[in-house]
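K.L.:
Just passing along the structure, written as structure tokens.
Laboratory data are not the source of any read-out in this text; all were calculated from the coordinates shown. Being a predicted model, the structure only gives us computed values, none of them experimental. With ideal geometry, Cβ positions are generated from the backbone for all residues, glycine too; neighbour counts draw on all protein chains shown.
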Amino acid sequence: MTQTSAAPTSPASDLVRLTQYAHGGGCACKIPPGELEEIVAGLTTNVAGDVPEPPGEILVGLDSGDDAAVVSIRDGLAVVVTTDFFTPVVDDAYDWGRIAATNALSDVYAMGGTPLVAVNLLAWPREVLPFDLATRVLQGGLDVARQAGCHLAGGHSVDDPEPKYGMAVTGLVDPDRVMRNDAGRAGQPLSLTKPLGVGVLNSRHKATGEVFEEAVAAMTTLNAAASRAAVDAGVRCGTDVTGFGLLGHLYKLARASGVSAVVDAAAVPYLAGAREALRDGYVSGGTRRNLDWVAPYADVSAVSTDEALLLADAQTSGGLLLAGEIPGAPVIGELVPRGEHVLMVR
């Protein structure tokens, strides 16, 4: 008698731990930065031959690995285009939707722009997880888009072994007020608008089920107010801190700007419980890869390996890292003339 496999049974929604259905979580699932740079090396938007020239002018593209593309479409107006999605970073479906949407919108804010319209990107194991959970994820994204004053219109979904969610976002920005990662200058202070530690806390959550409300609150806080304050203060260099960690994103900013960056480790803020999570070993592979990537270009000899790992901690929906000062954001270092090392931690 031939046996047949039974169809997968969908678990009850209230018993599902979404993080257990993914090999990693949040922005820690990014392709490592060094590998990513090899993938995109040589790609260009330059038009050659008989192909038609696209409308508008690209102001920010692939060259410096910035947070989003910016295209000028007429005097005084440019569009910002970005996309971001990832596997579950928390078990609660609604919170995951909010976090993923906040993170996707952040790239527009990091460029000094205002989100205009977003579309959903959803991958779902439809024979494994119930669709009411997918509805909760999408509701979380919709609520964040509404909070941001951003239209949310449709999107795309696929059947996938791992659940994934995010958005493609288009925003508007004044081309003369764009914040970009290659505009830093020696002598500028470095400010950080959210505390670090999300990565180790999310790793602990995935392993134990413990919920860290402060981390969820940080990940669901829009960078809108910080972006407006930075643009109004004349800041023209910045980025957001996500999967490559503070050190990784600061390395990209300093390298693109032709300067070095000094970090005052004692001035960097952390979420409650982050150091304990690190002590107990909840460090993602993405965080370790971040530190390995910057190590050849950094002097971190003044701090312990644990401290360096926290500075490289893979963040999800982190804050803005600004070459300048805004109210309420601690100054954590400064840009200096290019020296032997691109990064120095003191």
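K.L.:
Report the residue, chosen from 233, 123, 254, that carries the largest GNM mean-square fluctuation when the chain is represented by alpha-carbon nodes joined by springs under 10 Å.
P.N.:
233
K.L.:
Please rank 208, 221, 102, fewest neighbouring Cβ atoms within 10 Å first, as an exposure proxy. Write down the numbers at each step before the final one.
P.N.:
Details: 208 11, 221 16, 102 27.
Ordered by Cβ neighbours within 10 Å, fewest first: 208, 221, 102.
K.L.:
To continue, here is another question. Most mobile of 91, 50, 66 per a Gaussian network model of the chain (Cα springs, under 10 Å)?
P.N.:
50
K.L.:
Work out the length of the dipole vector of segment 113-219 about its Cα centre, built from +1 on the beta-carbon of each Lys and Arg and -1 on the beta-carbon of each Asp and Glu, and round it to the nearest 20 debye. Don't skip to the answer; put the middle values down first.
P.N.:
Working: 10 positive and 12 negative charges, 60 e Å.
Dipole size: approximately 280 debye.
K.L.:
At 0.36 nm per residue, minus the direct Cα-Cα distance, what do residue 160 and residue 35 gain on full extension? Give it in nm, one decimal, please.
P.N.:
In short, 42.6 nm is gained.
K.L.:
Moving to a separate point now. Taking the simple approach of a point 7 Å from Cα along Cα-to-Cβ for both residue 279 and residue 153, what is their distance in nm?
P.N.:
Result: 5.2 nm between the two label points.
K.L.:
Right, another one. Compute the projected area of the convex hull of the Cα atoms of the chain, averaged over all viewing directions, and report it in nm² to one decimal place.
P.N.:
20.9 nm²
K.L.:
Where nothing but the Cβ of Lys and Arg (+1) and of Asp and Glu (-1) is charged, how large is the charge dipole of the chain around its Cα centre, in debye to the nearest 20?
P.N.:
About 300 debye.
K.L.:
Also, quick follow-up: Over the alpha carbons of segment 178-345, what is the largest minus smallest coordinate on each principal axis, giving the biggest first in Å?
P.N.:
43, 35, 22
K.L.:
Only four residue types carry charge here, +1 at the Cβ of Lys and Arg and -1 at the Cβ of Asp and Glu. Report the dipole size of segment 221-312 about the Cα centre in Debye, rounded to the nearest 20. Before the final figure, lay out each step's value.
P.N.:
Values: 8 positive and 9 negative charges, 60 e Å.
That gives a dipole near 280 debye.
K.L.:
How large is the Rg to Rh ratio of segment 251-346 when both quantities use alpha carbon positions and Rh follows Kirkwood?
P.N.:
In segment 251-346, Rg relative to Rh is 0.95.
K.L.:
Using the Cα centre of segment 178-345 as origin and beta-carbon charges of +1 (Lys, Arg) and -1 (Asp, Glu), tell me which of 222, 271, 302 is placed farthest towards the positive end of the dipole.
P.N.:
Ranked along the dipole, the leading option is 222.
K.L.:
Arranged by the count of other C-beta atoms within 10 angstrom, fewest first, what order do 301, 72 take?
P.N.:
301, 72
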